[in-house]
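Enquirer: What follows is a single structure, and I will ask about it in a moment.
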Amino acid sequence: VRYLITGGSGFIGSALCRALVDSGAELTVLARDPAHARARLPEGVRLVTSLAEAAPAPIVVNLAGENLAQGRWSETRKRLLRDSRIQTTRALCAWIERQASPPRVLVSASAVGYYGARGDEPLDEDAAPGEDYAARLCWDWEAQAQAAERCGVRVCRLRLGVVLDRGGGALARMLPAFRLGLGGPVASGRQWLSWIHRADVVAAILWCADRDDARGAYNLTAPQPVTNAEFARALARALHRPALLRVPAFALKAALGEMAQLLIGGQRVVPARLLAEGFRFSFPRLSDALADILH
Ligand SMILES: NC(=O)c1ccc[n+]([C@@H]2O[C@H](COP(=O)([O-])OP(=O)(O)OC[C@H]3O[C@@H](n4cnc5c(N)ncnc54)[C@H](OP(=O)(O)O)[C@@H]3O)[C@@H](O)[C@H]2O)c1
């Protein structure tokens, strides 16, 4: 099977590419910097720097996007965060339109930020979108991906929670402080953190690609979201360290500006559709996921 992947060199993409190469799939990855991508990807992946070079593929996975959690959200950075998702997805849809035989499926990333900050309300895929910057960005990103349906392509929009694994993502940012015993809850600690093990993300992407009846929005989060304070306790316990130091909301806002919303806000997301449609999580519980990652 042939795959075209954008953002394949990233934290999620590189794990997906490893799994696909191991399964014997043929991969083309769209990357801005082939040397950087080559170093992160297994042998046998074909790299292209523009869609014009990409051969037709029945399965397209769209993961590209400038990192939301890096650097303050200045107006320039907000434009970059947006363009790196919306323009890339638009270009991908235009490429799909030009194909004599369009792909079977487009699996396109989005995030649980779609729902905005929502207190304790459990959120399945039918919940209304939020209204903050990240929510509007996710809504527009999904709408752009959905446009590929016009070409007869099945579109799965993945609302990813906080993806956990070693070597990147949110854990890489938290681990140094927690390993020193300087970790702890953020703000009130009562805000929800919807997490998922990277292995389950890879499995869910392949599941969406394979199932002819999978389409629309899917929450990619473990079935048991936790509060931020529970997360801090679980991580500290897994590292045999205390989790006593609380980072107050005002300090985060001072340090991170509007981006602090990612940590202070939160959403209690449930993967209702994956569970109803029979997806089996390898890591439904946070303690098992952390034990696997930190062993
Ligand atoms: N990791 C999470 O916890 C999480 C949670 C929710 C949603 N997501 C979403 O899932 C997608 C993949 O996540 P990830 O953690 O794998 O991200 P990542 O490690 O930051 O990788 C994203 C990839 O996107 C490409 N990219 C970065 N900046 C770009 C730009 N300005 N223009 C075009 N392409 C750019 C890069 O590929 P090249 O440098 O090779 O071009 C990069 O490898 C992202 O869109 C992210 O927003 C991730």
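Enquirer: If Leu123 passes every condition in (1) surrounded by 22 or more Cβ atoms within 10 Å (Cβ to Cβ); (2) free of Cβ contacts under 8 Å to residues at least 40 places away in the same chain but one, which one does it miss?
Expert: With respect to (1) surrounded by 22 or more Cβ atoms within 10 Å (Cβ to Cβ); (2) free of Cβ contacts under 8 Å to residues at least 40 places away in the same chain, Leu123 is out only on (2).
Enquirer: Would you pick out the residues in region 58-79 that are within 6 Å of the ligand (Cβ to nearest atom) and not small (Gly, Ala, Ser)?
Expert: Matches in region 58-79: Leu63, Glu66, Asn67, Leu68.
Enquirer: Which residue is farthest from the ligand (Cβ to nearest atom), if the candidates are limited to region 1-40 and must be closer than 15 Å to Leu51 by Cα and under 18 Å from the mean Cα position of the chain (by Cα)?
Expert: Leu4
Enquirer: Restricting the search to region 120-136, which residues are in a helix (DSSP H, G or I) and under 24 Å from His197 (Cα atoms)?
Expert: Ala134, Ala135
Enquirer: Let me ask you something else. Determine which single condition Cys156 fails, assuming it passes every other condition in (1) touching a residue at least 60 places away in the same chain (Cβ under 8 Å); (2) within 12 Å of the ligand (Cβ to nearest atom); (3) closer than 24 Å to Asp213 by Cβ.
Expert: Cys156 satisfies every listed condition except (2).
Enquirer: Quick check on my filter: what residues within region 87-105 are under 15 Å from Val155 (Cβ atoms), within 14 Å of the ligand (Cβ to nearest atom) and not polar (S, T, N, Q)?
Expert: Scanning region 87-105 gives Arg90, Leu92.
Enquirer: Identify, from the list Asp124, Asp140, the residue that is within 14 Å of the ligand (Cβ to nearest atom), modelled with pLDDT of 95 or more and among the acidic types (Asp, Glu).
Expert: Asp140
Enquirer: Which of the following residues is of a type in the set (A, V, I, L, M), on the phi < 0 side of the Ramachandran plot and part of a strand (DSSP E or B): Ala109, Ala117?
Expert: Ala109
Enquirer: Kindly indicate which of Arg159, Arg166, Arg173 is among the charged types (D, E, K, R), within 30 Å of Ala291 (Cα to Cα) and in a loop (DSSP other than H, G, I, E, B).
Expert: Arg166
Enquirer: Grab the helices (runs of 4 or more DSSP H) fully contained in region 249-293, keeping just those with 1 or more residues being within 20 Å of the chain's Cα centre (by Cα) and touching a residue at least 60 places away in the same chain (Cβ under 8 Å).
Expert: The qualifying helices (runs of 4 or more DSSP H) are 261-264, 272-276.
Enquirer: Within region 48-67, which residues are surrounded by fewer than 18 Cβ atoms within 10 Å (Cβ to Cβ) and more than 27 Å from Lys78 (Cα to Cα)?
Expert: Ala52, Glu53, Ala55, Pro56, Pro58, listed by residue number.
Enquirer: Within region 76-106, track down each residue that is among the β-branched types (Val, Ile, Thr), in contact with a helix residue (DSSP H, G or I) (Cβ under 8 Å, 6 or more places away or on another chain) and over 18 Å from Arg32 (Cα atoms).
Expert: Hits for region 76-106 are Ile96, Val105.
The values are calculated or read from the model by the stated rules, or taken from the named source; none is laboratory data. It should be emphasised that the depicted structure is a prediction, and the values quoted were computed from it without experimental measurement. Heads up, the Cβs are rebuilt from the backbone with ideal geometry, glycines too, and the neighbour counts pull from every protein chain shown.
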